[in-house]
Structure formats: structure tokens, C-alpha cells
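Taking it in order: structure first as C-alpha cells, then the write-up.
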Amino acid sequence: MSQLPLAEIEAASRRIAGRVVHTPLVHSPTLSQRCGVPVYLKLENRQTTGSFKIRGALNAVSSLPAKTRALAAASSGNHGRALAHAAAAVGMRAIVCASRLVPAHKIEAIRALGAEVRIAGRSQDDAQEEVDRLVREEGLTSVSPFDDPFVIAGQGTVGLEILGDLPQVELVLVPLSGGGLASGVAAAIKAQRPSACIIGVSMERGAAMYASLKAGAPVEVEELETLADCLGGGIGLGNRHTFAMVKSLLDDVVLLSEAEIGAAVRHAFVEEGEIVEGGGGVGIGALLAGKVAPHGPTVVVLSGGNVDPSLHRQLVGAVPAAPREQAS
Ligand SMILES: *Cc1c(COP(=O)(O)O)cnc(C)c1O
């Protein structure tokens, strides 16, 4: 499937209405001046559970058969948090499988919502193996963080809101990992405004979708530590939906260095008054680095704000970075 019907995204919007925030779309004077076009920020960092992932999780969970009792998901943190919230809302049990690369504050937030967390291996793929085992051996129902039509449709509601609030939008910058957000947003916007461009933004360190697009088929990449931890992990060698959708719907994908990601987090805080996590701010980073040249009204999706507070303080320069060990 390379297209998701607009009707599916509109159905998702009705299903999750009142349970997610219609997040603000705010004008950024500094980015507008810098880019020479009006630039707006879509504040999903202020969404329930701190990221857009609640949209897809709620849409998927609300669409499961009523007899479903327990859910399992692999997560780099934010999907797990969203799923834990959605499961609690409908009275289901949830087990979230996460790799050792997932930051501790994200694990704690998932547990605080009542889900069980299992640390499995060093990568998202290792975590997914544990999910597959839970499905096979214990009969749990898995909810993919991105490769599921209901999840994609839920994330697509971000696109519906953008178009509703800014019908003349010409360019949307979307953080890109497994591609659920980018696929959904692109499907929602291009169905109604085919002239609009959608550009995905990932990090240089371990961009699985970018590598897969280059290779022409899903490939594995080594998962590396990065400030954009929420964008880590593979797209699945057996990817069914998002690879084809991203390939056909996105106009380009650009990659950022760690310094460019840090600069985006700092800009978001100092200039825009927004707290974003590394992966949530990459759209700003792409504009600051001049990696995208907007030609008309532009929207930057700030996809999440779940950043470790002490890391955030370091990145925005409020406190000096931890001193290096003294050489003796
Ligand atoms: C999951 C996530 C993304 C990437 O979404 P995909 O659908 O996997 O491409 C971007 N930003 C944040 C904050 C996320 O949690």
C-alpha cells in the first residue's frame, strides 16, 4: 500500500477527537526572517504524553476487537508512553519492550502510566524480537510504532490540523524514523493540496529510512547513540506500509549532524520558548543549517518534548557540560 485513503485519516480524527490536543500552530518570527517566508511551528511537543505518538496509539487501540486483553510494543520511548496511556484509557494491559539505548526518564514515564517495561537487547530490532515472542507464546496483540495503517492514519491527523489551520501551506518538515508520522502527514496533506512538499528529517547517525530509500528496499543500519534517540531503530526488513508510502509521498529526506540537532534544541528554547527533544526539533535544525530552502509558507513539526531535563540544560547552555575527568 503506497496510499492511505483520506477517509481513513478523517475517521481517525473522529475516533480520537477530545482525547488528544489539537496542538497550536504558531508563527516563528525568527525563522520567518531567516528563511524569507512565513514559518510556523506545529507544537506536538505539547501533546498529551509529550509527543504525537498518542494519536496513532489511540486510533490503533480503539480499533482493536473488544476481546483484546493485552498489548505489546517495541518502543524507543514515546510510542511506549503513548501506548501505555491508550491501554490504560481502555482498560487493557500493556507490555513495552525497549532496548538499553532508551533513556531512563522515558522508561520511568512508561512505568508511571501502569505499563510493564522489559529491557531487551541493544536495539529496536532486539526489542521487536521480544514483542514477536510475546505475540507467539503468550497471545498478546502487538501495536507497531509506525508500520500499521491505523497508526499511520492517527499520525495523519497532524496533517489534517496543519491544513485546516494553514490552507496555503507549501512545505512541511517532518521528523522521520520509521515513517509513520511522515507517511500520515504526507497522505493527509497531498490528498488535498498536491502542490505542497513534504520533507523528512533524520539524523546522520543511524538513519534507517534514508539508507533504505537509497538502497531501494528496507535495509538494516547499525543503531547508534544520538541526541535524536526517538528517531533510532530500523524500519523492519519486512516493512509493509511506511517504506512504500515514504518513497512515493516524500519529496526529499535530509540528515543532520549531532551539532545541528543540538543547535535546534537550543533555538527552540531560546528563540521560541519551546522544550523539544533532539529528534523533535530536527525540522528547525534543517532550516538553521540551510539544508532545506523553503519557497512558501512552511510548517515545522516539533514532534516531541520528552527530553531528559539535565541533558536539556546542557544543550541550551544554562549550565556548563559536565567537566571532563582530569588527566592525572
Ligand atoms: C517516533 C517519533 C518520531 C518518528 O516517527 P516515525 O513515525 O517513526 O517516523 C519523531 N519524533 C518523535 C518525538 C517521536 O517520538
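The values are calculated or read from the model by the stated rules, or taken from the named source; none is laboratory data. Owing to the predicted nature of the structure, the values given are computational and were not obtained by experimental measurement. Reconstructed Cβ throughout: ideal geometry from the backbone, glycine too, with neighbour counts over all protein chains shown. Please note that ligands, DNA and RNA were not included when accessible areas were found on the heavy atoms of the full protein model with its side chains. Shrake-Rupley method; radii C 1.70, N 1.55, O 1.52, S 1.80 Å.
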> Which of the residues spanning the range 129-162 are in a loop (DSSP other than H, G, I, E, B) and open to solvent by 50 Å² or more (accessible area, probe 1.4 Å)?
Replying inline: GLY139
>> Conditions first: (1) assigned to a helix (DSSP H, G or I); (2) without any contact (Cβ under 8 Å) to a residue 60 or more places away in the chain. PRO65 passes all but one, so which condition is the exception?
In response: (1)
> Which of the residues that make up the range 167-181 are more than 6 Å from the ligand (Cβ to nearest atom), closer than 21 Å to ALA289 by Cα and either part of a loop (DSSP other than H, G, I, E, B) or under 8 Å from the mean Cα position of the chain (by Cα) (or both)?
Replying inline: GLU170
> Has the range 163-177 got any residue that is open to solvent by less than 10 Å² (accessible area, probe 1.4 Å), small (Gly, Ala, Ser) and in the same structural domain as GLY279 (by TED's automatic domain parsing)?
Replying inline: no
> Within the range 57-84, how many residues turn out to be within 16 Å of the ligand (Cβ to nearest atom) and either within 17 Å of GLU138 (Cβ to Cβ) or in contact with a Pro (Cβ under 8 Å, 6 or more places away or on another chain) (or both)?
Replying inline: 7
>> Given the criterion aliphatic (A, V, I, L, M), at pLDDT below 95 and closer than 20 Å to HIS105 by Cβ, identify the matching residue among VAL319, VAL307, VAL276, VAL265.
In response: VAL319
> Going by the conditions given, is VAL292 in contact with a Lys or Arg (Cβ under 7 Å, 6 or more places away or on another chain), more than 22 Å from THR49 (Cα to Cα) and in the same structural domain as GLY200 (by TED's automatic domain parsing)?
Replying inline: no
> Within the range 281-313, restricting attention to residues that are assigned to a loop (DSSP other than H, G, I, E, B) and among the β-branched types (Val, Ile, Thr), which residue is nearest to the ligand (Cβ to nearest atom)?
Replying inline: VAL307
> Looking at the range 237-258, is at least one residue modelled with pLDDT under 95 and hydrophobic (A, V, I, L, M, F, W, C)?
Replying inline: yes
> Among VAL37, VAL21, which is the only one that is open to solvent by 50 Å² or more (accessible area, probe 1.4 Å) and at pLDDT 95 or above?
Replying inline: VAL21
>> Just to verify a result, which residue in the range 232-263, among those that are closer than 21 Å to ALA188 by Cβ and part of a helix (DSSP H, G or I), is most open to solvent (accessible area, probe 1.4 Å)?
In response: LYS247
> If you scan the range 68-125, which residues turn out to be assigned to a helix (DSSP H, G or I) and open to solvent by less than 10 Å² (accessible area, probe 1.4 Å)?
Replying inline: ASN78, HIS79, GLY80, ALA82, LEU83, ALA84, ALA86, ALA87, LYS106, ILE110
>> Need pairs with beta-carbon distance below 7 Å; first residue on the phi > 0 side of the Ramachandran plot and at pLDDT below 95 and within the range 74-90, second of a type in the set (S, T, N, Q) and within 12 Å of the ligand (Cβ to nearest atom); sequence gap 6+ or separate chains.
In response: GLY77/ASN306
> Somewhere in the range 182-199, is a residue within 13 Å of the ligand (Cβ to nearest atom), part of a loop (DSSP other than H, G, I, E, B) and crowded, with 24+ Cβ neighbours inside 10 Å?
Replying inline: no
>> Checking the structure you have, find out if any residue of the range 229-244 is of a type outside the set (Asp, Glu), touching a Lys or Arg at 6+ places or on another chain (Cβ under 8 Å) and under 27 Å from LYS106 (Cβ atoms).
In response: no
